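Peer 1: I am attaching a structure below and will ask some questions about it afterwards.
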Amino acid sequence: METEPLTPRRRGRPRGSIKDTKPAPVKSLDRAIDVLERVGAGGTSLSQLAADLDESPATLYRVLLTLEARQLVEFEEDGQIWHVGPGAFRLGSTFLRRTNLVDRARPILRRLMETTGETANLGVERDGRVLFLNQVETHAHIRAFFPPGTVSAMHASGIGKALLAAFDAARRDRILDAYPLERFTPRSLTERAALLEDLERCAARGYAVDDQERNEGMRCLAAAVHDAQGEAVAGVSVSGPVARLADTDLPRLTEAVRDAARQLTTAIGGVAPKG
């Protein structure tokens with residue numbers, strides 16, 4: 001007696017899921033992902049979230065509390081704003097590892113730290129902020145510390161300014177329109193015209209300087225990393241106290257940072273823009 005061959009069950013599917021039929025989505029999970037994506041697009045209040053997703057605030061509040069328990073979102077008491085949390089970074093970092101950016105950067109950051117004697121950092125732009133992905137710390141007692149998952153304002157960060165200087169005008173303006181130019185120190189650039197002038201200088205010389213604009217007494221030198229299309233996708237930097245990143249040492253230190261950015265651009269198959 002002839003029998004028809006058994007249809008093999010696809011790996012990653014439950015038993016009985018043989019036909020190519022698309023199951024109905026889990027509504028509660030679908031809603032939670034909508035919430036996470038909306039919060040990930042930029043901080044938002046509960047009322048704004050409810051308006052954007054056309055859902056009741058009570059329902060979305062329960063979703064937010066569930067996500068908060070997993071550290072996927074976090075709540076800012078002062079502004080009553082929900083933001084992406086460190087748990088989302090941990091999940092997203094698995095994707096970044098797949099893209100090889102973090103893995104390829106590690107030996108380059110280590111060499112940069114050894115060459116300069118200062119803490120070396122890797123960061124990207126996420127939701128209009130700098131998200132630090134990796135760091136190799138200096139052995140010196142006084143040092144900058146940006147653990148993976150730390151976020152910082154673009155306008156008061158070496159990496160942030162290096163990226164803003166490399167972005168096209170439309171992308172740069174969207175970021176600057178979304179966030180106020182907060183004053184962190186007397187040196188923070190809080191006037192847009194002054195910031196844009198500084199970004200022009202950054203673009204012309206190929207590196208950015210955070211000269212005590214985020215933390216008094218600390219400097220950061222940064223350069224952008226580019227992908228295969230020549231677009232800025234990350235930044236590398238060294239950061240440390242002004243006493244060690246002195247004016248007389250800037251030519252040597254900035255060249256080391258620019259060289260590290262070029263190395264990482266090449267390592268990920270990128271192409272630095274001409275000019």
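The values are calculated or read from the model by the stated rules, or taken from the named source; none is laboratory data. Note that the structure is predicted; figures quoted are calculated from it, not measured. Cβ: placed from backbone, ideal geometry, glycine included. Neighbour counts: every protein chain shown.
Peer 1: So for region 183-195 (the condition being touching a residue at least 60 places away in the same chain (Cβ under 8 Å), assigned by TED's automatic domain parsing to the domain that holds LEU112 and surrounded by 14 or more Cβ atoms within 10 Å (Cβ to Cβ)), does at least one residue qualify? Don't jump to the end; show me each part of the working.
Peer 2: First pass over region 183-195, keeping only residues touching a residue at least 60 places away in the same chain (Cβ under 8 Å): none.
Within region 183-195, none of the residues are touching a residue at least 60 places away in the same chain (Cβ under 8 Å), assigned by TED's automatic domain parsing to the domain that holds LEU112 and surrounded by 14 or more Cβ atoms within 10 Å (Cβ to Cβ).
Peer 1: Step by step: first the residues of region 103-134, then only those that are over 8 Å from the mean Cα position of the chain (by Cα) and in a strand (DSSP E or B), then the one that is farthest from ALA246 (Cα to Cα). Which residue is that?
Peer 2: Out of the qualifying residues, it is ASN134.
Peer 1: Moving on to the next point. Looking only at helices (runs of 4 or more DSSP H) that lie completely in region 1-97, which have at least 2 residues being surrounded by 14 or more Cβ atoms within 10 Å (Cβ to Cβ), under 23 Å from the mean Cα position of the chain (by Cα) and modelled with pLDDT of 90 or more? Give the derivation first.
Peer 2: Working: elements: 27-40, 46-53, 57-69.
Correct list: 27-40, 57-69.
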